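Notes to accompany the following structure.
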Ligand code: 6PG
C-alpha cells in the first residue's frame with residue numbers, strides 16, 4: 001500500500017507532524033537528508049511504525065507515495081527550501097504537489113508557485129501554527145495554492161488539524177501566497193498580544209511592586225474571563241515556574257532581550273506597503289528590537305536615572321478590573337488591525353480571503369487561540385464586509401465598554417514613566433480612527449507650502465493650492 005502523503009525534514013516540527021499524520025490513520029513516507037535521523041525517527045515511532053515508510057533515497061521516497069503526490073517540506077525557511085525543491089523536482093510527475101509548511105515569507109511562496117506553474121507540478125504554501133505540541137496533536141493550518149491541489153490533501157489535513165468543538169482548524173484560503181500571508185499576520189497579532197501582556201506585566205511588576213507569583217495569580221484569574229486564551233494561560237504558567245538553579249521565579253532570571261525570526265516584521269512591512277495602519281503590531285515589533293538594545297538601555301538609564309515608576313492608581317479590585325479591560329480593549333485594536341491588513345491584501349493579491357473562516361480556524365490549535373476568536377468569527381459572519389472589526393455591532397459595544405479602562409491605564413502608565421508602546425498605540429489608533437475631522441489638513445497645507453503638492457478643500461471648490469506668500473515653494 002502506497003503512502004497518502006510524504007514528508008521531508010524530520011527535525012522537531014517535521015517529525016511531530018509526521019507522527020500526527022500517522023496517528024490519524026494516514027500512511028506517510030518520510031525522508032531526511034541525514035539518513036540516521038530517519039532511522040532514529042522510525043525506531044522511536046512505536047505503534048505508529050506500520051503507518052510510516054522510512055526512506056533512505058529520494059527515489060525510494062517518491063516511489064512510495066500515491067500519485068498525484070503531496071510532499072510536505074518542513075525545513076528551515078529560505079534558501080534551504082529552494083534547494084530541496086530543486087533536488088526533488090526531477091523525480092516528480094505532472095500533478096505532484098510540493099507543500100512548504102515552514103514559516104516562509106509569502107512573497108517567496110508566490111515566486112515558488114509561479115516558478116512551478118509551467119512544469120505541471122503545483123505548490124502549496126501552508127502556514128502551520130501551534131508550535132511543537134500543535135504539530136504533534138493538532139495545529140491550525142492555513143493553506144494557499146490551487147483549490148484542486150488542496151482537494152488532494154484536504155482529508156489528511158482535516159484529520160490532523162486541531163478541532164474547535166467539532167470544526168477542524170484548517171482551510172483553503174486562496175491562491176499562491178494566501179496561506180503564508182495569513183500565517184504571517186497571525187504571527188504579527190501574536191507579537192502584539194505578547195507585547196501587550198508584557199506591558200501589563202511591567203505595570204504590575206514595576207509600577208505596583210507585585211511578585212512573579214502574584215502576577216501569575218492575576219493572569220490565572222483573567223484566564224477565566226474574557227481574556228481566556230492560550231497566551232494568557234502560558235503567562236500564568238511561566239510566571240509560576242521556578243528556576244532550579246536559584247529558586248527564583250523563572251522570568252526573574254531571564255535576560256530582557258527578545259528574539260524574532262521575521263514574521264512579525266513582515267506583517268508590519270506589508271501593512272506599510274499597503275497603507276494600512278497596524279500600529280499595535282508595529283509597536284510590538286519595534287519593542288522587540290528595542291529590547292535587543294540592552295547595553296544602550298543600560299547606558300541611557302545611567303544618564304537619565306531610574307524613575308520610581310510608582311503607579312498613581314492604588315492596587316485593588318477596581319484597578320485589576322481596569323487592567324483586564326485595558327488589555328482587552330488593546331487586544332481588540334490589534335486584531336482589528338491584523339484583519340484590516342488581511343482585507344486589503346485580499347484585494348491587492350486577488351485572494352478573496354474569507355475573514356470569518358480565518359477567525360474560525362484560529363479558534364484552536366494556534367498560538368493566538370482564544371474564546372475571543374469565536375466572537376470575531378461570529379462578528380465577521382454577521383458582517384463579512386465590515387470596514388473594520390471595531391465598527392461591527394458586537395465589537396463596537398465591547399470597545400465602548402473597555403476603551404475608558406485602556407485610557408486610564410495608558411495615562412497612568414505614561415505618567416509614571418512605564419513604557420506601554422503597544423497599549424498606547426492601540427489606544428491612539430482608536431482615537432484617530434473614530435475622529436471624523438483629524439489634523440491632516442495641516443499636513444496638506446505644509447506639503448503644499450514646501451512642494452506644491454496640492455490639497456482638496458472641504459467645500460469641494462476647485463482650488464488646490466494656497467496663497468502661501470513668501471518662502472513658499474509653490
Ligand atoms: C506558531 C508560532 C511559530 C513560531 C514563531 C516564533 O504560530 O506556532 O508563531 O510559528 O514560534 O514563528 O516567532 P519568533 O521567533 O519571531 O518570535
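The values are calculated or read from the model by the stated rules, or taken from the named source; none is laboratory data. Quick caveat: nothing in here was measured; it's all calculated off a predicted structure. A quick note on method: Cβ atoms are made from the backbone with ideal geometry, for glycine too, and the neighbour counts reach across all protein chains shown.
Residue by residue, here is whether (1) more than 20 Å from residue 268 (Cβ to Cβ); (2) over 16 Å from the mean Cα position of the chain (by Cα); (3) more than 16 Å from the ligand (Cβ to nearest atom); (4) assigned by TED's automatic domain parsing to the domain that holds residue 193 holds:
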position	(1), (2), (3), (4)
344	no, yes, yes, yes
347	no, yes, yes, yes
350	yes, yes, yes, yes
357	yes, no, yes, yes
367	no, no, no, yes
371	yes, yes, yes, yes
375	yes, yes, yes, yes
380	yes, yes, yes, yes
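Of everything in the range 225-256, what is more than 15 Å from residue 201 (Cα to Cα) and within 16 Å of the ligand (Cβ to nearest atom)? Give them in sequence order. Step through it out loud before you land on a result.
First pass over the range 225-256, keeping only residues more than 15 Å from residue 201 (Cα to Cα): 225-226, 228-230, 241-248, 253, 255.
Matches in the range 225-256: 229, 230, 255.
Can you tell me which condition residue 147 does not meet? The list is (1) surrounded by fewer than 24 Cβ atoms within 10 Å (Cβ to Cβ); (2) closer than 29 Å to residue 268 by Cβ, and all the others hold.
For residue 147, the exception is condition (2).
Mind checking which residues of the range 112-129 are farther than 17 Å from residue 72 by Cα and in contact (Cβ under 8 Å) with a residue 24 or more places away in the chain?
114, 119, 120
Please go through the range 437-462 and give me each residue that is surrounded by 12 or more Cβ atoms within 10 Å (Cβ to Cβ) and assigned to a loop (DSSP other than H, G, I, E, B), ordered by number.
Selection gives 452, 453, 454, 455, 456.
Got a number for residues in the range 125-140 being assigned to a helix (DSSP H, G or I) and more than 7 Å from the ligand (Cβ to nearest atom)?
The initial filter retains those residues of the range 125-140 that are assigned to a helix (DSSP H, G or I), namely 131-137.
Now drop any that are not more than 7 Å from the ligand (Cβ to nearest atom), which leaves 132-133, 135-137.
Number of matching residues: 5.
Name, by its number, the condition in (1) free of Cβ contacts under 8 Å to residues at least 60 places away in the same chain; (2) under 24 Å from residue 342 (Cα atoms) that does not hold for residue 104.
It fails just one condition, (1).
When residues of the range 22-39 are filtered for being surrounded by fewer than 19 Cβ atoms within 10 Å (Cβ to Cβ) and part of a helix (DSSP H, G or I), how many remain?
Adding up the residues that qualify gives 5.
Scanning for something surrounded by fewer than 16 Cβ atoms within 10 Å (Cβ to Cβ), in contact (Cβ under 8 Å) with a residue 60 or more places away in the chain and either under 20 Å from the mean Cα position of the chain (by Cα) or outside any helix (DSSP H, G or I) (or both), does the range 196-214 turn up at least one residue?
No, every residue in the range 196-214 fails to be surrounded by fewer than 16 Cβ atoms within 10 Å (Cβ to Cβ), in contact (Cβ under 8 Å) with a residue 60 or more places away in the chain and either under 20 Å from the mean Cα position of the chain (by Cα) or outside any helix (DSSP H, G or I) (or both).
Residue 42 passes all but one of (1) surrounded by fewer than 19 Cβ atoms within 10 Å (Cβ to Cβ); (2) out of contact with any strand residue (DSSP E or B) (no Cβ under 6 Å at 6 or more places or on another chain); which number fails?
(2)
So residue 218 clears everything in (1) free of Cβ contacts under 8 Å to residues at least 12 places away in the same chain; (2) within 26 Å of residue 329 (Cβ to Cβ); (3) surrounded by 14 or more Cβ atoms within 10 Å (Cβ to Cβ); (4) more than 15 Å from the ligand (Cβ to nearest atom) except one condition, right? Which one?
Of (1) free of Cβ contacts under 8 Å to residues at least 12 places away in the same chain; (2) within 26 Å of residue 329 (Cβ to Cβ); (3) surrounded by 14 or more Cβ atoms within 10 Å (Cβ to Cβ); (4) more than 15 Å from the ligand (Cβ to nearest atom), only one is false for residue 218: (1).
Which number in (1) exposed (fewer than 15 other Cβ atoms within 10 Å of the Cβ); (2) away from the ligand (no atom under 16 Å from the Cβ) marks the one condition that residue 259 misses?
(2)
So residue 296 passes all but one of these: (1) surrounded by fewer than 22 Cβ atoms within 10 Å (Cβ to Cβ); (2) more than 16 Å from the ligand (Cβ to nearest atom); (3) within 21 Å of residue 103 (Cβ to Cβ). Which condition number does it fail?
The single condition residue 296 does not satisfy is (3).
Looking for whichever is away from the ligand (no atom under 16 Å from the Cβ) and within 18 Å of residue 171 (Cα to Cα) here; the options are 98, 110, 85. Which one fits?
Testing whether each residue is away from the ligand (no atom under 16 Å from the Cβ) and within 18 Å of residue 171 (Cα to Cα) leaves just 98.
Quick check on residue 154: is it closer than 22 Å to residue 346 by Cβ, in a helix (DSSP H, G or I), free of Cβ contacts under 8 Å to residues at least 40 places away in the same chain and away from the ligand (no atom under 16 Å from the Cβ)?
Here the answer is yes, as residue 154 does meet what is asked.
I'd like the residue in the range 393-409 that is under 30 Å from residue 308 (Cα atoms) and in contact with a helix residue (DSSP H, G or I) (Cβ under 7 Å, 6 or more places away or on another chain) and, out of all such residues, is surrounded by the most Cβ atoms within 10 Å (Cβ to Cβ).
Going residue by residue through the range 393-409, those that are under 30 Å from residue 308 (Cα atoms) are 402-409.
With the extra rule that they be in contact with a helix residue (DSSP H, G or I) (Cβ under 7 Å, 6 or more places away or on another chain), the set shrinks to 402-403, 405-409.
Working: 402: 22, 403: 23, 405: 20, 406: 27, 407: 16, 408: 17, 409: 30.
Here the answer is 409.
Against the condition surrounded by 13 or more Cβ atoms within 10 Å (Cβ to Cβ) and at positive phi, how does residue 412 come out, does it pass?
Against the criterion (surrounded by 13 or more Cβ atoms within 10 Å (Cβ to Cβ) and at positive phi), residue 412 does not qualify.
Answer yes if at least one residue in the range 330-352 is at pLDDT below 95 and part of a loop (DSSP other than H, G, I, E, B), and no otherwise.
yes
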